[in-house]
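Taking it in order: structure first as structure tokens, then the write-up.
The values are calculated or read from the model by the stated rules, or taken from the named source; none is laboratory data. None of these values were measured; they are calculated from a predicted model. Virtual Cβ from ideal backbone geometry, glycine too; neighbours counted across all protein chains shown. Heads up: the accessible areas ignore ligands, DNA and RNA and are worked out on the full protein's heavy atoms, side chains in. Shrake-Rupley method; radii C 1.70, N 1.55, O 1.52, S 1.80 Å.
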Amino acid sequence: MIDALSDLPALSARWLAPLRDDDPELYAELAETIVIAPAVHPVATGLPAGVDAALAVVDLCSKEIGAFRFAPADGADARARIAAHDARVRQDFDTGADIVFVGDHGAGPVFVSPQGIGLLDITARPRIRALARDFTGFLIAQANAFDAEKRCLGKAADLAGYHAAAAACAALPGMAGVEVATIFDAQRFG
């Protein structure tokens, strides 16, 4: 479990570590989208909810953290990818200018707004589900949810362990304002 976004690159590398020796070709293929690198250059998106602060720590271009995919669109950098993804999602949803779509989750598009991070859940009512006040908190909870899913729900069906991981994540410093249970549920159920 991580409690700082700077720990995400090491955690994401561990997710694929068993494949490194067993199947180097598959490892290389999956690493392109799963292994997250530290950010090299700050990104100035101007988005609310601490998006720029998070992108100054990790490079999420072409990356996914479990069910969350960051701005799955073509573009030269994170800002261009976000703009392209936002434009594509807006073809299907009429939303205000204060909402910017920054990724997808299994149940629908993830957006940032002045109120925080949310999920436009196309499978449930209400359609908008709050996820976190800030992007860093969302990413930490999402990484911990995916890590717990791999550990607890992969080969063994340890649902109690998964729920314990959610409780431990919610108790981490900096998780105030993060809907950890919602993020863990969204990871588990897609």
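The residue list F135, G116, P9 was ranked by how far each Cα lies along the charge dipole of the chain toward its positive end, using unit charges on Cβ atoms, and G116 comes out on top.
Residue order by solvent-accessible surface for D3, D86, D22, D121 is D22, D3, D86, D121, largest first, with ligands and nucleic acids left out and a 1.4 Å probe. If the elastic network links every pair of Cα atoms under 10 Å, which of E179, E25, E149 fluctuates the most in the Gaussian network model of the chain? Comparing E179, E25, E149 in the GNM, the peak value goes to E25.
Using the Karplus relation 6.51 cos²θ - 1.76 cosθ + 1.60 with θ = phi - 60°, the per-residue 3J(HN,Hα) values for the stretch 4-19 come to 9, 5, 5, 8, 4, x, 5, 5, 5, 5, 5, 4, 9, 3, x, 7 Hz, with x marking Gly and Pro. When the chain is treated as a GNM with alpha-carbon contacts under 10 Å, the residue of H41, H105, H163 showing the greatest mean-square fluctuation is H41.
Over the chain, accessible surface divided per residue gives 48 Å², non-protein components excluded, 1.4 Å probe.
Which whole-number percentage describes the relative contact order of the chain, with Cα contacts under 8 Å and a sequence gap of 6 or more? Relative contact order, the chain: 19 percent. Ranking of L60, L26, L172 by solvent-accessible surface, largest first: L26, L172, L60 (1.4 Å probe, protein heavy atoms only, all chains present). Net charge near T123: determine it from the other residues with C-beta under 15 Å of the C-beta of T123, scoring Lys and Arg +1 and Asp and Glu -1. Charge balance near T123 sits at 0.
Across the protein chains, with a 1.4 Å probe defining accessible surface, the residues R125, R20, R133, R81 rank R125, R133, R20, R81 from largest area downward.
Among A31, A166, A76, the residue with the largest mean-square fluctuation in a Gaussian network model of the chain, with springs joining Cα atoms closer than 10 Å, is A76.
On the chain, 55 percent of the accessible area sits on carbon and sulfur atoms, based on a 1.4 Å probe.
Here the Karplus relation 6.51 cos²θ - 1.76 cosθ + 1.60, evaluated at θ = phi - 60°, turns the backbone of the stretch 112-122 into coupling constants of 10, 8, x, 7, x, 9, x, 10, 8, 7, 7 Hz, with x for every Gly and Pro. Close amide-amide hydrogen proximity is noted between A56 and V43, each under 5 Å apart and 5 or more residues distant or on a separate chain (H modeled in the peptide plane; Pro and chain starts excluded).
Please state the shape class of the stretch 29-98: rounded when a/c is under 1.5, otherwise prolate if a/b exceeds b/c and oblate if not, all from the C-alpha gyration tensor. In terms of gyration-tensor shape, oblate. The phi torsions of the stretch 64-80, fed into the Karplus equation with coefficients 6.51, -1.76 and 1.60 and a -60° offset, translate into couplings of 9, 10, x, 7, 8, 10, 7, 5, x, 8, 6, x, 5, 8, 4, 4, 5 Hz, rounded to whole numbers, with Gly and Pro shown as x.
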